[in-house]
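First the structure, in the form of structure tokens, and then the observations on it.
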Amino acid sequence: MNTMRRTDREVIDKQAIIEIIESCQCCRIGFQDDGEVYIVPLNFGYEDNGQRLIFYFHGAKEGRKIDLIAKSPYVGFEMDTTHEIYAIGNNGTACSYTARFQSVIGTGKVSMVCDGNEKKHGLLLLMKHSTQKSEWSFDDKMLNSVAVFKLEVEKLSCKVHD
């Protein structure tokens with residue numbers, strides 16, 4: 001876990017973190033690109049393999065994202081949910097408002113999934129997270145037409161502001 005300035009908002013309970021991840025619909029990945037950062041919002045599936053969290057993503061088999069995965073596997077990621085702005089006073093100033101949110105940020109190593117069984121596994125996790133349905137079939141043509149890549153989380157922090 002990373003050190004957080006506002007420890008009163010830090011979430012360290014693994015099950016609570018999983019519940020926040022479960023409520024998120026988008027994971028943003030920040031890739032390194034020759035001194036720039038390229039951020040991509042993606043649908044995702046995930047699993048906890050007992051040692052670390054692994055996020056799975058899918059997309060086109062070519063393009064900037066795929067090139068950057070090959071170039072540098074180390075990325076940052078962010079996901080968030082339950083946004084709400086609300087007043088904490090009624091004096092009419094901007095400082096009398098604050099925001100509710102839940103967020104997860106971290107770093108890890110991203111890699112292409114080449115094994116057919118793991119590719120199918122990753123797509124099943126992605127579909128389960130997106131639809132809550134576990135049973136899906138994929139034919140070889142479908143599997144061969146899409147790229148699947150995974151992010152193995154190395155560091156993670158979670159923050160909640162209620």
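The values are calculated or read from the model by the stated rules, or taken from the named source; none is laboratory data. Predicted model, so just to flag it, every value in this text is computed and none were measured. Side chains included, ligands, DNA and RNA excluded: accessible areas come from the protein's heavy atoms. Shrake-Rupley method; radii C 1.70, N 1.55, O 1.52, S 1.80 Å.
Its alpha carbons give the stretch 88-130 an Rg and a Dmax of 20.8, 60 Å.
For the stretch 43-162, the pair-distance distribution built from all alpha carbon pairs, in bins 10 Å wide starting at 0, is 12, 34, 28, 14, 9, 3, 0 percent.
Report, ordered by chain and residue number, the aspartates and glutamates lying within cross-link reach of LYS109, taken as a straight Cα distance under 17 Å and ignoring same-chain residues fewer than 8 apart. Straight-line reach from LYS109, under 17 Å: ASP33, GLU47, ASP48, ASP67, GLU78, GLU118, GLU152, GLU154. Among SER23, SER96, SER145, the largest mean-square fluctuation in a Gaussian network model of the chain, built with springs joining Cα atoms closer than 10 Å, belongs to SER96. Heavy-atom accessible surface of the chain, averaged per residue, reaches 59 Å², computed with a 1.4 Å probe.
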